[in-house]
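Please read the structure below before turning to the comments.
Every number in this text was worked out from the coordinates using simple rules, so none of it is lab data. Because the structure is a prediction, the values reported are computed rather than measured. Counting neighbours? That spans all protein chains shown, and the Cβs are built from the backbone with ideal geometry, glycine included.
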Amino acid sequence: MKPTTVHYGSHRAQVAEVWRPSAPGDRPVLVLLHGGFWRQVYTKRLMHGLARAVADLGWVAFNVEYRRVGPLGSGGWPGTFDDVSAAVDAIGTLEGVDQARVVTCGHSAGGHLALWAASARVTGPEVDHPVRPCAAISLAGVVDLVGAARQGLGGGAVEALMGGAPGTHPDRYALGSPAALLPLGVRQILVHGEADRTVPASLSRDYVSRATALGDDARYVPLAGASHMDMISAHGPAFDTVASVLREISPRGP
């Protein structure tokens, strides 16, 4: 199985891989967003195993690269966010996809982006996006930027992404942190390993508690003994949860 490449912008990082299943017809789409604390050194290759496994389930895997933080990355606020939004909208140009069944799924920093991409996606003047995800899956996501910054996760990774601390740019955090955007109005599933030493599971647990209190359809799935990187294995309990969610959303799939 070999993916094709879609360019959704002119920057070298504004690309996505399209992994297609063998099943014919308009297939649902899972948007994959990799982690790595939004840093330039980490790439979409982290999600190749999941992309293959998702295509085997009959879904189109749309594996997104985006501008990241680093000397040549030109990412951060608002570029990283705008890239993810543009990538999701680019699904509308693809043939053989069902735009009514688009789900975002991200790991770690990508979990943050997956939930953010299911929101109104505002970084400036509001626009009408042609593609709206129907659900979002976060795998050990950094879903609360303010909480993550206060805990110093990633050695200042959140501040590097947002261009400063929450107290310096409260407007950016209000628009860029999924926890601040609740309720999102779409289904959300947050999967987190209880043995995670990189991103604490309490971020996902507390997020879901707030989301459900505000009326969102949100579920927290704790995985006993699972580590941070276990979340992107194409086998095991984390992927079993992802597969179960996809089958619920697309019962017509193989």
query = About the Cα centre of the chain, what is the dipole size in debye to 20, counting +1 per Lys and Arg Cβ and -1 per Asp and Glu Cβ, all else neutral?
reply = 400
task = Using Cα pairs closer than 8 Å and at least 6 residues apart in sequence, work out the relative contact order for the chain, in percent.
result = 18
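What does the C-alpha gyration tensor say about the overall shape of the stretch 147-254? Classify as rounded when a/c is under 1.5, otherwise prolate if a/b is larger than b/c, or oblate.
Details: a/c = 2.22, a/b = 1.44, b/c = 1.54.
Oblate shape, in that a/c is at least 1.5 and b/c is the bigger or equal ratio.
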inquiry  = Can you tally the net charge around Ala55? Count Lys and Arg as +1, Asp and Glu as -1, for every other residue whose Cβ sits under 13 Å from the Cβ of Ala55.
reply    = +2
Neighbourhood charge, 14 Å Cβ-Cβ cut-off, centred on Val158 and excluding it, Lys, Arg +1 and Asp, Glu -1 = +2
message = I need the GluC sites (Glu not before Pro) found in the stretch 8-108, filtered to DSSP loop residues with at most 13 other beta carbons within 10 Å of theirs.
response = Glu95
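Above 20 angstrom, tally the Cα pairs of the stretch 89-151 and express them as a % of all pairs, no decimals. Mind dumping the intermediate values first?
Details: 685 of 1953 pairs.
For the stretch 89-151, the fraction of Cα-Cα distances above 20 Å is 35 percent.
As a test of the definition: which semi-axes, in Å, follow for the chain when you take the square root of five times each eigenvalue of its alpha carbon gyration tensor? Largest first, please. Display every interim value, and only then the final one.
Working: eigenvalues 125, 86, 61 Å².
Equivalent ellipsoid of the chain: 25, 21, 17 Å, largest first.
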